[in-house]
1. What number of residues within region 237-255 satisfy the criterion of being at pLDDT 95 or above and surrounded by 15 or more Cβ atoms within 10 Å (Cβ to Cβ)?
2. Give the residues of region 125-139 that are part of a loop (DSSP other than H, G, I, E, B) and within 7 Å of the ligand (Cβ to nearest atom), sorted by residue number.
3. Run residue 72 past the list (1) closer than 25 Å to residue 197 by Cβ; (2) outside any loop (DSSP other than H, G, I, E, B); (3) out of contact with any strand residue (DSSP E or B) (no Cβ under 9 Å at 6 or more places or on another chain) and report the number of the one that doesn't hold.
4. Hey, among 105, 89, which residue is modelled with pLDDT of 95 or more, farther than 25 Å from residue 197 by Cα and near the ligand (Cβ under 10 Å from one of its atoms)?
5. Test of understanding: among 77, 64, which residue is assigned to a helix (DSSP H, G or I) and either in contact with a strand residue (DSSP E or B) (Cβ under 7 Å, 6 or more places away or on another chain) or at pLDDT 95 or above (or both)?
6. Among 153, 142, which is the only one that is over 18 Å from residue 242 (Cβ atoms), part of a strand (DSSP E or B) and modelled with pLDDT of 95 or more?
7. Taking only region 40-67 into account, find how many residues are touching a residue at least 40 places away in the same chain (Cβ under 8 Å), at negative phi and under 18 Å from the mean Cα position of the chain (by Cα).
8. Is it the case that residue 51 is surrounded by fewer than 19 Cβ atoms within 10 Å (Cβ to Cβ), modelled with pLDDT of 90 or more, out of contact with any strand residue (DSSP E or B) (no Cβ under 8 Å at 6 or more places or on another chain) and not in a loop (DSSP other than H, G, I, E, B)?
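The values are calculated or read from the model by the stated rules, or taken from the named source; none is laboratory data. Not measured: the values here are computed from a predicted model. When we count neighbours, we look across all protein chains shown, and the Cβ atoms used for this are built from the backbone with ideal geometry, even at glycine.
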Ligand SMILES: C[S@@+](CC[C@H](N)C(=O)[O-])C[C@H]1O[C@@H](n2cnc3c(N)ncnc32)[C@H](O)[C@@H]1O
């Protein structure tokens, strides 16, 4: 195992020189308490994710999870024997991770990682890069501090109920003149830009929920791409969801969890050819 203990700041949680608005734009502090409940994996899925990573990476390597959040991925990895370090810009999310035993964490921005070159073997990025307008810079940083692979767990949804609700919300916003968007590029979209060396099906994740709870999550803007929606547009979109789902009781979130693995040299090449 690589000795990287002197290369990170396990408990200090200092914000390291990222422009303030970049941090605040996506601050997950506001939903840290509800994050796990709203992004729950079905029983057994976290274990299957950890097993897939165990097959791919082996546990004797050093892994950095960028945008570690509440440790939804890092915690099962840790219990499977991985040496995982996490960074995030949200103190609230990191506190949740620490309460689950993911203690090697630092408050830091993906675009300015507080580690020396090649401090880790692999970088893990799950549901992160779409939040960062400078996603190329974040990838460049991951490729600088991790030498071997970039790994993600992406979710693929094919027309499940929850995706239909998302499209209905976005459609209502568009009708009211606002386009719902995120500033960066999703990890699964990165596969269209740089070919992954491996793509493997990990698990089916099916979670049921009540329509009233699902609409409440929209009303409370639990999802980050809703944070920029102007209030009047948001209220109109919520009314439209209530109308559309009147009389419907339950929904299903049905998605495939897919592991994508890139060789860091290919990520480096993307950064070099795109001028970062
Ligand atoms: C959607 S959550 C994903 C968390 C975790 N990877 C998971 O899959 O559960 C995105 C996380 O990325 C963090 N984040 C957003 N922008 C970031 C940045 N520029 N640098 C580091 N973390 C960031 C957020 O604070 C949040 O905890």
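1. 6
2. Here is the first cut: in region 125-139, the ones part of a loop (DSSP other than H, G, I, E, B) are 126-128, 132-134.
Once the filter is applied, which keeps residues that are part of a loop (DSSP other than H, G, I, E, B) and within 7 Å of the ligand (Cβ to nearest atom), region 125-139 yields 126, 127, 128, 132.
3. With (1) closer than 25 Å to residue 197 by Cβ; (2) outside any loop (DSSP other than H, G, I, E, B); (3) out of contact with any strand residue (DSSP E or B) (no Cβ under 9 Å at 6 or more places or on another chain) applied to residue 72, the lone miss is (2).
4. Numbers: 105 fails: near the ligand (Cβ under 10 Å from one of its atoms).
Exactly one of 105, 89 is modelled with pLDDT of 95 or more, farther than 25 Å from residue 197 by Cα and near the ligand (Cβ under 10 Å from one of its atoms), namely 89.
5. Testing whether each residue is assigned to a helix (DSSP H, G or I) and either in contact with a strand residue (DSSP E or B) (Cβ under 7 Å, 6 or more places away or on another chain) or at pLDDT 95 or above (or both) leaves just 77.
6. Details: 142 fails: part of a strand (DSSP E or B).
Being over 18 Å from residue 242 (Cβ atoms), part of a strand (DSSP E or B) and modelled with pLDDT of 95 or more holds for just one of 153, 142, which is 153.
7. 12
8. Details: surrounded by fewer than 19 Cβ atoms within 10 Å (Cβ to Cβ): yes; modelled with pLDDT of 90 or more: yes; out of contact with any strand residue (DSSP E or B) (no Cβ under 8 Å at 6 or more places or on another chain): yes; not in a loop (DSSP other than H, G, I, E, B): yes.
Yes.
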